[in-house]
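Everything below concerns the one structure shown next.
Readers should treat all values here as calculations from the given coordinates under stated rules, not as data from a laboratory. Quick caveat: nothing in here was measured; it's all calculated off a predicted structure. Positions of Cβ are generated from backbone atoms using ideal geometry, with glycine treated the same way; all protein chains shown enter the neighbour counts.
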Amino acid sequence: MTLYARPDEHIFAEGARPGEVQLFPDLSRGWGIAFEQTGGIPPMEWFNFIGKRADEAIRYLMQRGLPEWSSTENYPQGAYIQHAGQSYQAKVDNKGKAPSNSFTEWEEWGLTRAMLEQHFVPSSQEQALAGTDHSTIMTPLRVSQAIAAFSNTVGQIVFVPSIQVPTGYLKCNGSLLSRSDYPALWDYAQTSGALISETDWHQRYQGCFSCGDGTTTFRTPDVRGEFIRCWDDGRDVDHGRAIGSAQEMQNAWHTHSASANAADDHTHSAQTDTQGLHGHTVHDPGHKHGFSHALTANLVSNYSNKMLDDPLIQGEGHYQETSTSGTGIWLSQAGSHSHNVSIDKAGSHSHTITVNGEGGNESRPRNIAWLAMIRY
């Protein structure tokens, strides 16, 4: 891309003598008019006019930067003009729409400082500190003043990762101070609603100011090694707490698991008592034995022939025997009865139950130690 140098500020034919510059007779016709009026040879005066006209247009734009609005100009969307001391940009294509009262066609562009101050009024220091006004703007000066005022609020407690105390602050360590040396802080203590007696301060109100000796001194809060809990103020989450009061450590109610050791092996002796005598009925229906016999050859001779004819004793080599027979004896049941069994005690013994403890000497969450300071 070619970058052109800024042209000088001279205008063609600006030093022409009277009569050497004449209006071109017909700008829209152009040089064609010369053939009708001068035989095709335009005079010097016309050339001087055209060169002077072109240079004056360039100088006009170089001086103003933006052209002035014209009621006869056709402006495309995005065109820039100036009107009544203000610059505008065309929102849409338009013609004959004065920017000062045609807000749908034009919008302000490139506000001046005066216009900015008119539209955006700088806030006062009071407005900056109050923080309630939304019709003004914050200048760097007002921002700086607001920050300084906030950081200089007497009685404000801040926490810093440092062991050094900057000017204007005191360690929040319960120091006994002179009322005359720190009048602003003493005034704050008196209006804080957290000023108590020296006795109460030492008992459980280290988060308050104390009246010191009652005449010349007072004491700051002491928050060293403490966690800060927001004041309940009637919410009833931390019931009954007063501002600045201390609270001892405590764990929420909970249970523990426990285990018991097994006892040594042991036995129990047992015995039954003696029940009364009882009998059993014996049943014997009686029985008999059958008998069979046979005579041997030696015995036959002792019997008569008639007897020998008896088939029971006929034969040779016979013997005698009895037949088998059951007794038929049984015992009746003695009836239902029971025995009492008693078991002796095994002796006194115990089981050991162990609940293991854990933890240190206080209850606490994870934390970081910073220095607490109070503004005086």
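Each residue of segment 180-186 was assigned a 3J(HN,Hα) from its phi angle through the Karplus expression (A = 6.51, B = -1.76, C = 1.60, θ = phi - 60°), giving 6, 7, 10, x, 5, 5, 5 Hz with x at Gly and Pro. Remark: segment 235-248, residue by residue, has Karplus-estimated 3J(HN,Hα) of 6, 6, 8, 10, 4, x, 7, 9, 4, x, 7, 8, 9, 6 Hz, where x stands for each Gly or Pro and the curve is 6.51 cos²θ - 1.76 cosθ + 1.60 at θ = phi - 60°.
As a proxy for reagent exposure, ranking Ser102, Ser124, Ser342 by other Cβ atoms within 10 Å from fewest up yields Ser342, Ser124, Ser102. Shape class of segment 40-94 from the Cα gyration tensor (axes a ≥ b ≥ c, square roots of the eigenvalues): prolate, since a/c reaches 1.5 or more and a/b is larger than b/c. Counting every other Cβ atom within 10 Å of each residue's Cβ, Phe35, Phe12 order from fewest to most as Phe35, Phe12. In this Cβ point-charge picture (+1 for Lys and Arg, -1 for Asp and Glu), segment 134-278 has a dipole of about 940 debye about its Cα centre.
Taking a ≥ b ≥ c as the square roots of the eigenvalues of the Cα gyration tensor of segment 96-191, is the shape rounded (a/c under 1.5), prolate (a/b larger than b/c) or oblate? The shape class here is prolate. The H on the amide N of Asn94, modeled in the peptide plane, is under 5 Å from the matching H of Tyr75, each at least 5 residues off or on a different chain. Under 14 Å from a label point set 7 Å out along the Cα-to-Cβ vector of Thr352, the amide N atoms of segment 237-263 belong to 259-263.
Look at the alpha carbon pairs under 8 Å that are at least 6 residues apart: their mean separation over the length of segment 150-209 gives a relative contact order of 31 percent.
With Cα atoms defining each centre, segment 119-198 and segment 44-87 are spaced 59 Å apart in the structure.
A simple spin-label model places the labels of Ala270 and Gln203 6.8 nm from each other, with each point 7 Å out along Cα-to-Cβ. As a proxy for reagent exposure, Trp31, Trp253 were ordered by neighbouring Cβ count within 10 angstrom, fewest first; the result is Trp253, Trp31. Per-residue packing, averaged as other Cβ atoms within 10 Å, sorts the ranges 185-196, 40-51 into the order 185-196, 40-51, beginning with the highest.
Under 5 Å between amide hydrogens, built in the peptide plane, is the criterion, and for Phe12 it picks out Asp55 among residues at least 5 positions away or on other chains.
Each residue of segment 158-173 was assigned a 3J(HN,Hα) from its phi angle through the Karplus curve 6.51 cos²θ - 1.76 cosθ + 1.60 (θ = phi - 60°); the sequence is 10, 10, 9, x, 7, 9, 9, 9, x, 4, x, 10, 10, 4, 8, 10 Hz, with glycine and proline shown as x.
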